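Just below is one structure, and these are the notes that go with it.
Here, each number is a calculation from the coordinates, and none is a lab measurement. Being a predicted model, the structure only gives us computed values, none of them experimental.
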Amino acid sequence: MSVPTGDGERPIRVLIADDQAIVRGGFRVLLESEPDVEVVGEAEDGLQAVALARRRRADLVLMDVRMPRMDGLEATRALAGPGVPAEERVDVLVVTTFDLDEYVFGALRAGAAGFLLKDAQPDVLLDAVRAVASGKGLVDPEVTRRLIARFVQVSPDPARGGALDALSDRERHVLLQLATGASNAEIARALTVEESTVKSHVSAVLAKLGLRSRVQAVILAYESGLVTPGGR
C-alpha cells in the first residue's frame, strides 16, 4: 500500500477501469496532474481490470459498476472480497453514474473501500483516492444510515459470526455503535471515551475482521446476527 506522506514516498499506483474510453481519459488527465498519483493502466472490462491490477501491482482501482464480460462488483470481489488474502488485496474505489442503494450496498459488500459518483468534483475524487489509499473507507455517515435502513432485513449467517470472536468486549461495543451509523464523535460520547480512542478501536475492528471500511463492518454486524433490525 502506498501512502504518500512526504518526500521519498512512491506515488499511489492507480488503475482506471471503465468501459468508456472518454471517461478513462478524463480520469487519467486529472490523476496524472497530481505528483502523488501514478496511473499504471486502463481496463475496459472487469476481467481486464483484475488481471492488470495484479500484473501492474496497483494500489487502488477506480472501478465502474456496469462493464462487459465481468461487471465492477464481481471484479471488486475478486480483488478485495472477503476470500482474498490480505496480502493480495487491491483497494477499490467504485465510481459510477448510478446513485442507487443496491449498487452502493453491492459494491461495499463485495469489498470496495469507497463509493463515489462520477459527477463528483475533481478535488473530491482526488481526496477520495488519497483517503482510500491511506486505509480510510469513504462513505458518508448519512449514506451509512440510509443503507442500514434499507438493507438490514438480512438473515443472520452463523458462519459469519465466528469472525467476531477475535474482538475484545470494547471492540464489540464499538462495532455495535458502528451498526447504528454513528460517527466517531457520537461513539465517543456514547462510550464516554476520547474520540482518538474510538479511532484506535475502529482501526482495530477493521483490521481484525479483515475489512476496508466502516460500512463493511456494519454489514458484517447484521449478517453475523450481532445486531438485528429493531434491536441488538
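Starting at the first residue of the stretch 21-27, write each ³J(HN,Hα) from the Karplus equation 6.51 cos²θ - 1.76 cosθ + 1.60 with θ = phi - 60°, in whole Hz, x for Gly and Pro.
4, 5, 5, 4, x, x, 5
Hey, could you get me the Stokes-Einstein D for the stretch 12-138, Kirkwood radius over alpha-carbon pairs, 25 °C and 0.890 mPa s, rounded to whole µm² s⁻¹? Walk me through the intermediate numbers first.
Working: Rh = 13.9 Å.
The estimated diffusion coefficient comes to 176 µm²/s.
Amide H of residue 43 versus every other amide H placed in the peptide plane: which residues, excluding those fewer than 5 positions away on the same chain, fall under 5 Å?
It is 16, 17, 18, by chain and number.
When the gyration tensor of the stretch 163-209 is built from Cα positions, what are the square roots of 5 times its three eigenvalues, in whole Å, from largest to smallest? Spell out each step's value before the answer.
Details: eigenvalues 56, 22, 16 Å².
Here the semi-axes work out to 17, 10, 9 Å.
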